[in-house]
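Inspection log for the structure reproduced underneath, given as structure tokens.
The values are calculated or read from the model by the stated rules, or taken from the named source; none is laboratory data. If you're wondering where the values come from, they're calculated on a predicted model, not measured in any experiment. Quick reminder, even Gly has a Cβ in these numbers, built from the backbone with ideal geometry, and neighbours come from all protein chains shown. Please note that ligands, DNA and RNA were not included when accessible areas were found on the heavy atoms of the full protein model with its side chains. Shrake-Rupley method; radii C 1.70, N 1.55, O 1.52, S 1.80 Å.
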Amino acid sequence: MLKQGCFQISVTYCSIAMLLLFASCTTNIELDLPEAEPKLVVEGSINAGGPPIVTLSRNASFFGEVNLKDFDQYFVNGANVWVYSNSDSVKLGEFCTASFPENVQRQLAKSLGYSFSDTVQLPNICIYTIPEIIDLFQGDSSNAFLGEYRKSYSLKVEAEGKTLTSKTSIPAKPDVHSLGVIPHPDEKKDSLVSVSITFSVPDSGGNFIRYLTKRNSEPFYAPLSASVYSDKLFRGGTYTFPLEAGQNPNREIDWETYSYFWKGDTVKVKWSTIDKAHYDFWNTIENDGGDSPLSTPTRIKSNINGGLGIWGGYGAVYLSIIVPE
């Protein structure tokens, strides 16, 4: 179940509220809202040097109720999932959080971007990944199917009588130089800083980047405004670019400190090359027009044949910096 976008939205909650507001003085309106067509949703990725990781879920009606107690009913179990690259292939195994101790469950859920209160019972979140994932965590990668730069990867999913397919690629390794620190422009907020990145872009054209940031022990988060960029703005040179701190989508935004880091923070940046279809997915998610009641929602560009979601490769590199006190 995609947390950062909805594929069946034709209007937003705000749009409905505005319509009701304008019409409330003159007439009663009954809205006959359509149910979402039932489809399977894929959230899959493969990083350079990392294993493929896939979650499968069912889409929910945008206008329906989602009960946390029934959250795990959206996840799809018992699927057959394969990843192919040239003559190499792997059938992914299914791993569910219910099989781990509760403290490990919460760590896994957090690493996947889910956030639940300590008082809420965690749903059974299942992922599909390589069977040797435990060996990989223990440092043995000898038999592991791992992503490589400049390779393409096909995905095939068989679940609930349906077959879904997709293809992605891991582009060349990005040319990243360093991270830096930029003081806050307001001297009264000198405990806040921006983090900048210096990188080079080839002049070949058709290059796309996605970045995420991590603060201290938090997971990696995407920035609120935009996490993806094309080389239409940056091409054939070396640039220094201020980064927007990633935002937990489940936490209220503090606009006084938003986009900044604090002095003393350990900041990590995941800077990744991605292909065009992967870029289009996140670009349409982040520009869906949902924040304005007068805007037109954009149709999300999925690369999943037979379903919804994304199967995306990341040519990722990781950089870190400790912001001086």
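If Glu252 passes every condition in (1) surrounded by fewer than 15 Cβ atoms within 10 Å (Cβ to Cβ); (2) in contact (Cβ under 8 Å) with a residue 12 or more places away in the chain; (3) of a type in the set (D, E, K, R) but one, which one does it miss?
Condition (2) is where Glu252 drops out.
Of the conditions (1) closer than 24 Å to Gly264 by Cβ; (2) in contact with a strand residue (DSSP E or B) (Cβ under 6 Å, 6 or more places away or on another chain), Glu187 clears all except one; give me its number.
Unmet for Glu187, out of (1) closer than 24 Å to Gly264 by Cβ; (2) in contact with a strand residue (DSSP E or B) (Cβ under 6 Å, 6 or more places away or on another chain): (2).
With the requirement that a residue be within 21 Å of the chain's Cα centre (by Cα), farther than 19 Å from Tyr314 by Cβ and open to solvent by 20 Å² or more (accessible area, probe 1.4 Å), what does the stretch 164-194 give you?
Thr165
Please count how many residues of the stretch 200-212 are part of a strand (DSSP E or B) and open to solvent by 20 Å² or more (accessible area, probe 1.4 Å).
Number of matching residues: 5.
Determine which member of the set Ile197, Ile274 is over 18 Å from Gly180 (Cβ atoms), within 21 Å of the chain's Cα centre (by Cα), open to solvent by less than 30 Å² (accessible area, probe 1.4 Å) and of a type in the set (Val, Ile, Thr).
After ruling out the rest, the residue left standing is Ile274.
Would the stretch 232-239 turn up any residue that is in a loop (DSSP other than H, G, I, E, B), open to solvent by less than 60 Å² (accessible area, probe 1.4 Å) and within 26 Å of Ile130 (Cα to Cα)?
The answer is no, given that none of the residues of the stretch 232-239 is in a loop (DSSP other than H, G, I, E, B), open to solvent by less than 60 Å² (accessible area, probe 1.4 Å) and within 26 Å of Ile130 (Cα to Cα).
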